[in-house]
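The values are calculated or read from the model by the stated rules, or taken from the named source; none is laboratory data. Bear in mind the structure is a predicted one, so any value in this text is a computation, not a measurement. Backbone-built Cβ (ideal geometry, glycine too); neighbour counts: all protein chains shown. Surface areas here come from the heavy atoms of the whole protein model, side chains and all, with no ligands, DNA or RNA. Shrake-Rupley method; radii C 1.70, N 1.55, O 1.52, S 1.80 Å.
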Amino acid sequence: MAQPGDPTFGWTEEAVAEPGLEGESGPLIGADAQGPREVAVDAPGASRTYTYEVPARLSGIADGEAVLVEFGRSRQALGVVLGPARGETPSNAKPILARVRADGPLLPRLTLDFARWISEEYLAPPAATLRSMLPPGMLERLELVAEWSGPEAGFGATPADREEAAIVDRLGGGPRPVRDLEGADGRAAALRRLRSMASRGVVRLEWTLTAASAGPRFERWLLLTDEGRGVAPGSGDAAPRGATSGSGARLGPRQRALLADLASAEAEAEAAGGAGLAGAEAAHRHGSGTATGLIRRGLVVAEVRERPRRPLARRPAGRRGTRPAGSELTPPQAAALATILRAARARDATPLLLEGITGSGKTAVYADAIAETIATGRTALVLVPEIALAMPLVDRLRADLDAEIALLHSGLGEGERADEWRRIRAGEVHVVVGTRTALTAPLADIGLIVVDEEHDAAYKSDRTPRLQARDAALALARLAGAAVVLGSATPSVETVGRVRDGRYRHALLPDRPAGAPPRVEVVDLRAELAAGNGGLLSGALSIALASLPPGERAILVINRRGTASVVVCRDCGNVQRCPECERTLVYHQAGVTLRCHHCGTASPLASRCPICRSPRIRYLGGGTQRVEEEVKAAFPGLRVGRLDRDVAEHKGAVERVLDAFAEGRLDVLVGTSLVAKGLDIPEVTLVGVVSADIALNLPDERAAERTYQLLMQAVGRAGRGDIPGLAIIQTYQPDHPAIQAVAAGDAAAFYDAELEVRRRFGSPPFGRLVKLTVGLPDHLAAEHEASAMADRLRASAAVLAVATGPGGGVTVLGPAPAYIARRAGRWRWNVVLRGDRPLDLLDPPPGAPWSIDVDPDSLL
């Protein structure tokens, strides 16, 4: 963040705290008035909140407002007021220096309380947490702005000399940054002059936040005056030849045509109160100078309006996945809805697990619960794990609900995201749908929170604050007094454990309102190899694709992007690896590059082995690109599309691919886990899991759970209409418990086994985990730092065990090299805390070079 005195402000000689008051803080408000405030300071080294007193001249400062404060020794920084100070006020508490104008409080009370919780729960700096809740760039530019007080300022508030009069003239058109008012005598003299004018009331000086890149977009609109209406023809009429204005001047043909257009636009928009014509459109139709002449004659006026950027503006509702009009809820759906509404009325935030097999109608329950929530005057928040899942759900909600829906996710442009954020903060939205980005939307009164696909790993953030969006949503519901629904066909092991312990409620949707669960067939790839089939498609899957009837569709899932998983030398066996993190590089035919899927490093394709110089390079394995190519080659009559993260990087690509598949312009969709979730297309009758083994044997305690969830979600895409579905799972491990559970449809047995393992090791839901990671350029230095940290934590754990007694201890595991041992030139080591209260050992949390991941999704 830029600070006063930085070049961003244009003033480097003198930074002022309260402009026009010579930096004086004035008397402080008494404790019985506003009292000291807790402030999140956006400055290096500000790892917690700080207490500041409120000067009398700043009385009435609101929670959520941006302020200027002194931080450290005579350094000024931007801060955000979180609320009344908690605990005893330090004797050396400093005063807030100035209020920063930012169009009112940045965030509502609920969001501020949520920011506090996130910061404390995930050990994140408070200012970094607030930044994540604001549009990109909102805290990046702080300007000192001058504004003329106007003739109403009273006696004495007049310019004292020619230089001051010139400044007032320049301010006549509205507020200006002080850096634009510099005179011939330089910046320092200009600032002293402005401060003098401010002290006499001639001008007002205010620090103002100006968004770096995501401010509102404005455009000029043209409207008829009363005189212009008298001259303009009626809607659809031609202006009479030789028409004149009230001044008697003859109007030209372009001017007459523009008046006719404005009259037509006014007639069409009269009911909505939005009469007028965009200036750019008028210039395009009638020439850039036409409007200027009409404005000069008093026939037309121009006004500036905001032109909001709406992600959904040009997308019609109900393009895919809508519920049939007038359809009734099934008894299990109705019972689940009743449970949700009771909780909403009671403001009971006890989570409800809405568990239903794929296609059982969870979204219909969501829609009815949202409609009831809106009817009570409260808002709803709906979270999805992936951007690809946001649009299908938004389409369904827009078709089912008469409501204003906002969309928030990282794939939006900065301007779109900022405009949606402003709509939400202004209270113009009934429902917010989005990825974990939407969790921190500035909603003032939330009545319902839905976490769809609650089990998905994408809800865990890998950036500060490293929150788990599902768990954080539960905390937000408690703060808001909102009902909260966790929806999934394959709930997480933690959630199932909490249901069984009675901490969560449970509603089960056991059947599909339409269609039936697909038949599942497991193909042993070892037998395929023995029979001489070394391709990616088994005989059974090839036959199913060949016999796919017209109008029916297929989804092929493989949890790997790219064309080949390994590029290996056939002479010496060398596998090409990333120079940064030592992970295997993946060959991408698009661009003919080798790419690391962990750190993003791209390398040119080697024609010879870098070790033995052999030209015998071989590509092993297969990703989405190779599956797509094989299907196209084997079945030229099928129209094949692909959806993975490489495709999703391009704006709008996800919607284009999914729309083409839903509308029947594609027969086969090949993709990663993106295509295994959330798609509700009745014409999909075949699902093929090309390889079920990719993540099954990772050295991670969630590997079996992730595989089970992916397979169940993928299988559930088939047979959602009247035609029975078939799912084919290809694997080298057909006897693995996760695969057997999917084939047999025996979820209970799988969760029983997983919970027993978790109980034995004290993993969630029977304990908590914290992963600390250190990264240093020197391998030995990193190992030494990790060992020293582990020793310190073990000593603290021993003290904690004495204080808390049996059952309250924390186990310190490690240090151990990270699974990706080297990333971005740094060697990485992990230390893991496991127990009921691991955060007790991290007060205060360690700083750089350590990073802390509370409730990590993986211990790798």
Using the eigenvalues of the Cα gyration tensor, what equivalent ellipsoid semi-axes result for the stretch 111-151 when each is taken as the square root of five times the eigenvalue, whole Å, largest first?
-> 32, 12, 8
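With a/c under 1.5 counting as rounded, go ahead and sort the stretch 330-487 into rounded, prolate or oblate using the C-alpha gyration tensor (a ≥ b ≥ c being the square roots of the eigenvalues; past the cut-off, prolate if a/b is larger than b/c, else oblate). Show your work: numbers first, answer last.
Working: a/c = 1.38, a/b = 1.28, b/c = 1.08.
It comes out rounded by the Cα gyration axes.
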Hey, what's the stretch 94-213 come to in accessible area per residue, 1.4 Å probe, Å²?
-> 43 Å²
Gain upon complete extension [His779, Arg794; 0.36 nm per residue less C-alpha separation] = 3.1 nm
If amide H atoms are built 1.01 Å from N in the plane of the peptide, which residues on other chains or at least 5 residues away come under 5 Å of the amide H of Arg553?
-> Val684, Thr685, Leu686
Read phi for every residue in the stretch 351-357 and hand back ³J(HN,Hα) as whole Hz from Karplus 6.51 cos²θ - 1.76 cosθ + 1.60, θ = phi - 60°, with x for Gly and Pro.
-> x, 10, 7, 9, 9, x, 4
Amide H contacts under 5 Å for Ala98, placed H, 5+ residues apart = Leu68
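Can you tell me the relative contact order of the stretch 734-826? Whole percent, Cα pairs under 8 Å, sequence separation 6 or more.
Working: 46 pairs, mean separation 18.6, N = 93.
Result for the stretch 734-826 is 20 percent.
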For the stretch 363-428, the dipole about the Cα centre with charges only on Cβ (Lys and Arg +1, Asp and Glu -1), to the nearest 20 debye, works out at 180 debye
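Please state, rounded to one decimal and in Å, the Kirkwood hydrodynamic radius that the stretch 498-551 gives when every pair of distinct Cα atoms enters the mean of 1/r.
Values: mean 1/r = 0.0646 Å⁻¹.
It is 15.5 Å.
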Residues meeting the amide H criterion for Arg642 (H placed from the backbone, H to H distance under 5 Å, 5 or more places apart or on another chain) are Val670
Length gain on complete extension for the stretch Ala302 to Ala338, per 0.36 nm per residue less the alpha carbon to alpha carbon distance?
-> 7.7 nm
Give me the distance between the Cα centres of the stretch 507-530 and the stretch 667-718, rounded to whole Å.
-> 11 Å
³J(HN,Hα) across the stretch 843-856 via Karplus (A = 6.51, B = -1.76, C = 1.60, θ = phi - 60°), whole Hz, x for Gly/Pro?
-> 10, x, x, x, x, 4, x, 8, 10, 10, 10, 7, 6, x
Express in % the proportion of alpha carbon pairs of the stretch 803-859 at distances exceeding 18 Å.
-> 41 percent
Taking 339-347, 46-54, 197-205 and ranking on average Cβ neighbours within 10 Å, highest first, one gets 197-205, 46-54, 339-347
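In square nanometres and to one decimal, what's the mean projected area of the convex hull around the Cα atoms of the stretch 721-774?
Working: hull surface 28.7 nm².
For the Cα atoms of the stretch 721-774, the hull's average projected area reads 7.2 nm².
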Mind pulling the per residue volume of the convex hull built on the Cα atoms of the stretch 734-804? Å³ is fine.
-> 147 Å³
Residue pairs, from the table Lys460/Lys632; Lys362/Lys677; Lys94/Lys771, whose Cα atoms sit over 25 Å apart | Lys460/Lys632; Lys94/Lys771
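How much area per residue is accessible in the stretch 338-457 when the probe is 1.4 Å and only protein heavy atoms are counted (Å²)? Could the numbers behind the result be given before it?
Numbers: 3410 Å² over 120 residues.
About 28 Å² of surface per residue is accessible.
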With the cut-off at 20 Å, report for the stretch 350-443 the share of all Cα pairs above it, as a whole percent.
-> 35 percent
How large is ³J(HN,Hα), in whole Hz, for each residue of the stretch 516-527 in order, when computed from phi with the Karplus curve 6.51 cos²θ - 1.76 cosθ + 1.60 and θ = phi - 60°, using x for Gly and Pro?
-> 9, x, x, 6, 10, 10, 9, 10, 7, 5, 5, 5
Regarding the stretch 399-511, what is the average projected area of its C-alpha convex hull, in nm²?
-> 8.6 nm²
